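Remarks on the structure that follows.
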Amino acid sequence: MIVARSLVLFVLAAVAEIGGAWLVWQSVREHRPWWLAGLGVIALGLYGFVATLQPDANFGRILAAYGGVFVAGSLAWGMAFDNFRPDRWDLTGALVCVMGVALIMYAPRR
């Protein structure tokens, strides 16, 4: 149950951070309305709070592991919202990152 909660929190954090950054990008780089950047800033702030809800108490471990989630999530977001098509190296890199998440967060410890 703790692993499932942790995974859900990682996904929520990724949606908040990647989605927030994407909204800012849309506003600034794609010349969309300014209020999208405001929504993006709010989403980025929510990301910071979601990360604190992880069951592990080690900030460094959580943020290091989240980096792998961010990599894979960013590729998925690009596919879903920007017609990005990752190549085999993108996918291989994301797989390595996700394996790192599993090792960092869920490997048995003494």
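The values are calculated or read from the model by the stated rules, or taken from the named source; none is laboratory data. Since we're looking at a predicted model, the values are computed, not measured. Note that we place each Cβ from the backbone using ideal geometry, even for glycine, and neighbour counts take in every protein chain shown.
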Query raised in the report: Would it be correct to say that ARG85 is without any contact (Cβ under 8 Å) to a residue 40 or more places away in the chain and charged (D, E, K, R)?
Result: yes
Requested in this report: May I ask you to list pairs of residues, at least six apart or on different chains, whose Cβ atoms are under 8 Å apart, with the first in region 98-110 being modelled with pLDDT of 95 or more and the second being of a type outside the set (S, T, N, Q) and not in a helix (DSSP H, G or I)?
Outcome: MET105/ASP56
Query raised in the report: Looking at ASP87, is it of a type in the set (D, E, K, R) and either touching a Gly at 6+ places or on another chain (Cβ under 6 Å) or at pLDDT below 95 (or both)?
Result: no
